[in-house]
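The structure under discussion appears below in the form of structure tokens.
Bear in mind that the values in this text are calculations on the coordinates, not laboratory data. What you see is a predicted model; the values in this text were computed from it and never measured. With ideal geometry, Cβ positions are generated from the backbone for all residues, glycine too; neighbour counts draw on all protein chains shown.
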Amino acid sequence: MKNDCVFCAIAAGEIPCFKVYEDELVLAYLDINPFSEGHTLVIPKAHTTGLLDTPEETLAVLLARVKKVAAHLKTALCCDGFHILQNNGAAAGQTVGHIHFHIVPRRNGDPIEFANRPGDMEHLKALATRIGVCR
Ligand code: AMP
Ligand code: ZN
């Protein structure tokens with residue numbers, strides 16, 4: 001447990017939450033500043049900061065629980081779809097330094113928008129070369 005971490009405090013029961021799921025390793029609860037109705041956070045109880053410092057075994061369990069909770073939300077709220085979001089670092093909008101997956105329910109025609117813009121193919125080609133293929 002990390003002393004100044006709000007999600008560790010929630011996992012320890014020191015700060016209340018609107019619980020959606022719990023087992024020995026994982027906790028899920030409603031986001032108190034929701035993007036949409038039913039916006040839920042899924043965390044491991046053990047503190048790590050983000051994707052890169054979280055053990056793969058933990059990530060495997062976490063993602064399985066994200067699936068379970070998303071299925072539950074979809075049935076319980078009759079939503080039509082959902083986003084899975086996981087921010088890493090302040091530059092990516094991470095405001096709480098304890099790894100968490102957001103499940104953001106969506107309904108057909110709702111106003112939340114993540115707009116795509118057509119990419120420049122030459123730029124994408126050069127970029128793919130620069131990035132290389134991960135092995
Ligand atoms: P991120 O920007 O990915 O770090 O997301 C952190 C999320 O945690 C935000 O959506 C906050 O609304 C949410 N949050 C912060 N404190 C609490 C809390 N005590 N209970 C529930 N959600 C929280
Ligand atoms: Zn923590």
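Using a/c under 1.5 as the rounded threshold, could you call the chain rounded, prolate or oblate? The axes a ≥ b ≥ c are square roots of the C-alpha gyration tensor eigenvalues, and prolate needs a/b larger than b/c, oblate otherwise. Taking the square roots of the gyration eigenvalues as a ≥ b ≥ c, the chain is oblate.
Annotation for R106 and C5: the two label points, set 7 Å from Cα along the Cα-Cβ direction, are 3.0 nm apart. Placing pseudo-labels 7 Å out from each Cα toward the beta carbon at D23 and E113 gives an inter-label distance of 4.0 nm.
Each stretch of four or more DSSP H residues adds -39500 (n - 2.57); spread over every residue of the chain, this sum gives -9000 deg cm²/dmol at 222 nm.
Checking every one of the chymotrypsin sites (Phe, Trp or Tyr not before Pro) in the range 1-87 against DSSP loop status and a limit of 12 other Cβ atoms within 10 Å picks out F18.
Here is the short version for the chain: C17, C78, C79, C134 have no other Cys C-beta closer than 4.7 Å. In plain terms, the residue of V6, V133 with the fewest other Cβ atoms within 10 Å comes first and the most crowded comes last, giving V133, V6.
The angle between the Cα long axis of helix 121-131 and the longest principal axis of the Cα atoms of the chain comes to about 60 degrees, rounded to the nearest 10.
The stretch between Q94 and T129, if pulled fully straight at 0.36 nm per residue, gains 9.7 nm over its current Cα-Cα span. Counting only Cβ charges, +1 for Lys and Arg and -1 for Asp and Glu, the dipole size of the chain around its Cα centre is about 320 debye.
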